[in-house]
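Contents: one structure, followed by commentary.
The values are calculated or read from the model by the stated rules, or taken from the named source; none is laboratory data. The model shown is predicted, which means the values in this text are computed figures rather than measured ones. A quick note on method: Cβ atoms are made from the backbone with ideal geometry, for glycine too, and the neighbour counts reach across all protein chains shown. These area figures cover heavy atoms from the full protein model, side chains too; ligands, DNA and RNA do not enter into them. Shrake-Rupley method; radii C 1.70, N 1.55, O 1.52, S 1.80 Å.
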Amino acid sequence: MIIDTHVHYDDEAFDADREELLQSLAEAGVGRVIDIGSTAESLDKVVVLTERYDFVYGAVGLHPDEVGDLTDEVIKKLEVYINNPKIVAIGEIGLDYYWNKEAHDLQARAFRTQIKIAQENGKPIVIHSREAAADTLAIVTEMYGKGSAGEKTERKGVMHCYSYSPEMAEIYTKKLGFYLGIGGVVTYKNARKLVETVERTPMEYLLLETDCPYLSPVPFRGKRNSSRNLPYVVSRIAEIKGISCEEVIRITEENAKRLFFPEK
Ligand code: NI
């Protein structure tokens with residue numbers, strides 16, 4: 001089965017047809033999705049979705065653009081929600097210097113605070129990092145690298161929508177033990193760097209994701225995305241790796257289970 005490791009079905013873009021769309025995922029081969037928190041108000045919605053649908057799991061956390069809202073009350077909420085059996089990770093958390101909505105030191109502090117919640121509760125993290133390559137790697141190394149508190153953590157996390165160099169990908173995967181989330185961007189004509197990353201990274205480190213409603217693959221680029229479009233990403237990865245689509249689905253499913261669903 002296809003596991004979509006990064007969706008935002010709580011988004012208002014799905015208000016008109018959420019039920020119908022979610023019920024149609026199974027026939028598209030999508031067996032499980034992880035709905036990812038972003039804003040403070042998304043957190044309750046993520047949990048509600050995981051309660052309503054068997055195949056919907058969740059992650060809770062504040063996106064770097066939203067960390068002005070990381071109050072003591074929200075931190076408490078994360079600490080409660082992370083122990084819900086259907087909540088499998090803390091995320092999406094990280095650094096975003098593209099939108100630059102929050103000060104860099106505040107972003108870094110919130111990133112560390114949320115990583116600690118994950119580590120204390122034995123859960124992996126979902127990292128959002130945009131135009132912040134050096135600072136993200138520094139914090140992840142500090143929290144999970146050699147000699148750190150998180151070094152021995154078995155299930156560390158994923159670099160969602162990986163967009164940096166193939167060389168840096170090697171550090172995240174082989175050295176730090178993180179996975180890379182691969183989505184619609186890999187089908188774009190100008191995705192040379194990402195294609196090279198997929199080429200050079202062993203399949204064992206790749207996860208499928210949409211980031212829907214964003215980042216639709218070709219031929220739906222610019223339209224609302226959903227997990228139903230993942231077969232386009234699967235076939236592009238299969239083409240790059242020279243393996244079958246079935247292999248891509250099988251290996252990414254094993255990877256997602258290893259990281260997010262150790263007992264399921
Ligand atoms: Ni996202």
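Quick notes on this structure:
- V234 being more than 20 Å from Y57 (Cα to Cα), in contact with a Cys (Cβ under 6 Å, 6 or more places away or on another chain) and open to solvent by less than 60 Å² (accessible area, probe 1.4 Å): yes
- So E204, is it of a type in the set (D, E, K, R) and either surrounded by fewer than 22 Cβ atoms within 10 Å (Cβ to Cβ) or more than 16 Å from the ligand (Cβ to nearest atom) (or both): yes
- Some residue of the stretch 27-38 being within 16 Å of the ligand (Cβ to nearest atom), in a strand (DSSP E or B) and out of contact with any helix residue (DSSP H, G or I) (no Cβ under 7 Å at 6 or more places or on another chain): yes
- The listed residues are V185, V140, and the only one of them that is more than 21 Å from K257 (Cβ to Cβ) and in contact with a Lys or Arg (Cβ under 9 Å, 6 or more places away or on another chain) turns out to be V140.
- Qualifying residue in the stretch 159-177 (condition: crowded, with 17+ Cβ neighbours inside 10 Å and within 17 Å of Q114 (Cα to Cα)): yes
- Subset of the stretch 207-248 that is within 16 Å of the ligand (Cβ to nearest atom) and among the charged types (D, E, K, R) - its residue that is farthest from Y179 (Cα to Cα): R224
- Subset of the stretch 1-26 (residues that are surrounded by 15 or more Cβ atoms within 10 Å (Cβ to Cβ) and more than 16 Å from the ligand (Cβ to nearest atom)): I2, R18, L21, L22, L25
- Hits in the stretch 32-56 - residues which are open to solvent by 10 Å² or more (accessible area, probe 1.4 Å) and closer than 14 Å to T210 by Cα: R32
- When the stretch 122-147 is limited to residues that are in a loop (DSSP other than H, G, I, E, B) and open to solvent by 50 Å² or more (accessible area, probe 1.4 Å), the one that is nearest to the ligand (Cβ to nearest atom) turns out to be E131.
- Subset of the stretch 142-160 [out of contact with any Phe, Trp or Tyr (no Cβ under 9 Å at 6 or more places or on another chain) and closer than 15 Å to I93 by Cα]: H160
- Scoring L180 on the criteria (1) touching a helix residue (DSSP H, G or I) at 6+ places or on another chain (Cβ under 7 Å); (2) open to solvent by 10 Å² or more (accessible area, probe 1.4 Å); (3) without any contact (Cβ under 8 Å) to a residue 40 or more places away in the chain leaves a single failure, condition (2).
- The residues of the stretch 64-96 that are of a type in the set (D, E), touching a residue at least 40 places away in the same chain (Cβ under 8 Å) and surrounded by 15 or more Cβ atoms within 10 Å (Cβ to Cβ) amount to a single one, E92.
- Residue match in the stretch 104-119 (condition: more than 15 Å from L176 (Cβ to Cβ), surrounded by fewer than 21 Cβ atoms within 10 Å (Cβ to Cβ), of a type in the set (K, R) and within 16 Å of the ligand (Cβ to nearest atom)): no
- Only residues that are within 18 Å of A238 (Cα to Cα) and part of a helix (DSSP H, G or I) were counted across the stretch 172-227, and they come to 17.
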